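The next block holds one structure in the form of structure tokens; read it before the comments.
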Amino acid sequence: GKGKGKGKGKGKGHGKHHSKNGGDGQVRRELANVVGEVLREAGEDMDAEGATAERSAGGKKWEWEDPTMSRRQKRQEKRKEAKARRANFFGEARRRAKKEKLSAQDDDEQPSNKAGKVGRPRKRKRRAEDEEITSEEEGQAGTAKPSTGNRDDPNGEGEEDSEPEASCEEAEAGEAEEEEPDGEVATKDQAGRGGSGGAYVPPHLRAGQDKSAASQKKLRSIMNRVTEGNLEPSARELCNAFNELVPENGSTKVATMFAKVLMPAAVGDPNISVLVLGCHAALVAAAQVLFGASFGAMALLQIGDWLQRHLLAGEEADSSVNTEALIARNCIAFAGLLFSFELLPGSVITDLVHFIFQEGKVSELRVDLALTILRYAGKTLRAECAADFKAILSFVGNAAAKFREGDASASQGSQVRTRIDYLTRELQDLKNNKVSFAVMDRFDAIRTWLQTTTMLGGKKVHEDQLAVPFRFLRDDVPNGWPVGGEAATTRTKLRVAAKSDTDPLRVAALEQRLSTELRQSLFVALMGASDVEHATQRLATVACGAKAGATEACLVLFHCAIREKAPNAFYEHVARSLSARPAPWGKRFAHGLKRACVQHLQQAKGYGVRAVVALAELCAGLMADRDIAVPLAILRFMRFGNEGGGILGLLMRHLLESLLRRLVDAEAIKDTFEPLGQFEDVREGVLLVLDGQLRPRLPSRKEAPQLWANFREARKALVSAEQD
């Protein structure tokens, strides 16, 4: 038992002691052998750094294991040993050998990369002569050598090379030169750097260039953020920028800067939304109203320049859906929207059509551009510019006829011929008012913003319409345009025409005591229309430009109706069309018609017989219409008296007779006459007119059974209202 225990204990203790000392030494020796073998295969000397092999094999203690050293010295020694091991492992011996070989060459030879260095001066900390590395060697070992910064080198050893950073910065500076959309390259100011960076620029001019670039950058940032949701904030920000730039630089220079920024943002994107395009057009219109005609003029010139370049490039691509073709189509749409917002005259649209089909050129892309013009400008062109519309019809018709007579290729000719036929049909439908302009309804909100925004201070775009005294894209731009002597706006021209009595409709409006400019414009819009739809569109366009436009339009409508020699149903149809327009303008027109009826019934005792008959017919038509629904109870506003009773009796008799002829069923008659029970005097007066004046004038029951049935229903409704 004793020997067994003693032997077990001695074995245990001896085993532990052997494992602690002998095992670690064996592992170190095996590791040293493996490292030495690897280094020998790589051609390295294991003792290149002095005592590395001996230390690895345990023949010598590490220097930092000296117990007399402080902690700081031990940390420094540890870092030195780690640095030596890394340098030895990553091929320090090979680099030394190569350096010695290079130093043995001719002393006159200098590395080309050192002789041609430009840029920042190289900042190097001095190293030992045997540790210096050339730039070529750095490039070879740069991918494998780990970074050794000052954090791992507290003694200051190591290399701090700022030259690669300088070269990177120079490369970034070269890439930072952005090419402007109009072909100009914005280069940095290199004055003071020397070398071949560019011509010297004086400091006072250099400051102006920096300020101009900053202003253009600010305008670009504003235009790139424009959407249909932030139109008002973008417009105010743009207005503030112009308020700072225009007094200092002038409107022409700022307008040129703005146009160069505008075109890439508006038409440069081939997939831009048409609503965003409309927002850009509205901003151009607002800028012209507030800061002058230069903004609209420069935008128009840029549209022409972009259209010419991208149309030719789009035709070379031989496709109507390539990027260049889409940009050309955006230019046409942009011009059409400016015309639709009444910033450009109709002659510009005519000149665009002439440019598209110039010299008899007909292609699929050109036909698509013509269709785009009709889509965005056709409605306003037909309503406002009849002469230009007829000229476009004639020109396109002649171009289509010449193309059909010519010899076109079999493949392309069939496609283009199909597009030409479609364009001709569209023009005929537009002429006959059969084309739907649903795409233009999407811009009603933008058009309303132009009419109601407080930024413009009540100014209207059509009053500051740009005058184009030359043929756009065919003639040279006159000197001084748009701020020269030929740059009078349309508003000025209209005033001159009114003073010289060259506009007969405006002269007639003045003769009929329509003193305000709004009423004169409404009169011209109504009396100068060709049909009901044309008159409705013209009236709505003028009325939307003023706060009281709907009310004034209805008053002018009644004013014209009662001055006809005989009752004219044209005015009744126009009134119905106005009230049928989309909200909120349809409701405004309906309310304005009711107010106009009341006002004219109050003044009816001073009218003549023809005016009274016309007024009775128009009021009866509005009362019979279910959408307008003017109540019969407005008769209570008539001013009966000793004078003029015959005229008022004639008015009531003719109104009731016309109303009975228009109502078609008993329910409608009941709904019209029954509300009079609330006003006893009015009910009795209407009943008296029915029995005393209207009944004797009715034809026989055999000739007009429906009229007699309506008469009985009306009388029954009045009597039942009395009993209730």
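The values are calculated or read from the model by the stated rules, or taken from the named source; none is laboratory data. Keep in mind that this is a model prediction, so the values were computed, not measured. No Cβ is skipped: glycine too gets one built from the backbone with ideal geometry, and neighbour counts run over all protein chains shown. What goes into the accessible areas is simple: the full protein's heavy atoms, side chains included, and nothing from ligands, DNA or RNA. Shrake-Rupley method; radii C 1.70, N 1.55, O 1.52, S 1.80 Å.
Descriptive notes on the structure:
- Dipole of the range 324-460, positive direction: furthest Cα of LEU369, HIS354, MET440, with charges on the beta-carbon: MET440
- For the range 344-437, the per residue solvent-accessible surface stands at 47 Å², with DNA, RNA and ligands left out and a 1.4 Å probe.
- Those residues of the range 678-695 whose amide nitrogen sits under 16 Å from the label point placed on SER720, 7 Å along Cα→Cβ: 678
- When only alpha carbons are used to place a centre, the range 697-717 and the range 279-344 end up 64 Å from one another.
- Magnitude of the charge dipole, the range 297-417, Cβ model with Lys/Arg +1 and Asp/Glu -1, debye to 20: 360 debye
- Rounded if a/c under 1.5, otherwise prolate or oblate - the range 268-405, Cα gyration tensor axes: oblate
- Estimated at 0.36 nm per residue, the fully extended path between LYS594 and LYS211 surpasses their Cα-Cα distance by 132.0 nm.
- Net length gained if the chain between ALA387 and LEU698 were fully extended (0.36 nm per residue, minus Cα distance): 107.0 nm
- Accessible heavy-atom area order of SER515, SER294, SER212, highest first, probe of 1.4 Å: SER515, SER212, SER294
- Estimated translational diffusion coefficient (Stokes-Einstein, Kirkwood radius over Cα pairs, 4 °C, 1.567 mPa s) of the range 618-724: 92 µm² per second.
- Cα-projected label distance for VAL609 with SER515, points at 7 Å along beta-carbon direction, nm: 3.3 nm
- Student exercise, the range 513-595 dipole from Lys, Arg, Asp, Glu Cβ charges, in Debye to nearest 20: 320 debye
- Heavy-atom accessible surface of the range 601-682, averaged per residue, reaches 47 Å², computed with a 1.4 Å probe.
- As a calculated quantity, the FRET efficiency between ASP475 and ARG636 at R0 = 60 Å, using C-beta atoms, amounts to about 0.40.
- Here the accessible area is traced with a 1.4 Å probe on the protein chains. For the range 615-724, carbon and sulfur cover 47 percent of it.
- R0 of 45 Å, Cβ-Cβ distance GLN428-ASP681: FRET efficiency to nearest 0.05: 0.20
- Two-site FRET efficiency, ASP503 against GLU533, from Cβ-Cβ distance with R₀ of 25 Å, rounded to 0.05: 0.60
- Legend: distances between Cα atoms for LYS390/LYS565; LYS379/LYS402; LYS402/LYS431; LYS379/LYS565; LYS547/LYS587; pairs beyond 25 Å are LYS390/LYS565; LYS379/LYS402; LYS379/LYS565.
- Rough spin-label spacing in nm, given labels placed 7 Å along Cα→Cβ, for MET455 and ALA583: 2.8 nm
- Spin-label pair VAL34-LYS565: with each label point 7 Å from Cα along the Cα-Cβ axis, the two points sit 12.1 nm from one another.
- Of ARG474, ARG653, ARG576, ARG29, the order by accessible heavy-atom surface (1.4 Å probe, DNA, RNA and ligands excluded), from most exposed downward, is ARG29, ARG474, ARG576, ARG653.
- Two numbers describe the Cα atoms of the range 526-655: Rg and Dmax, which are 14.3, 45 Å.
- Overall, the range 551-686 carries a charge dipole of about 420 debye about its Cα centre when +1 sits on the Cβ of Lys and Arg and -1 on the Cβ of Asp and Glu, all other atoms neutral.
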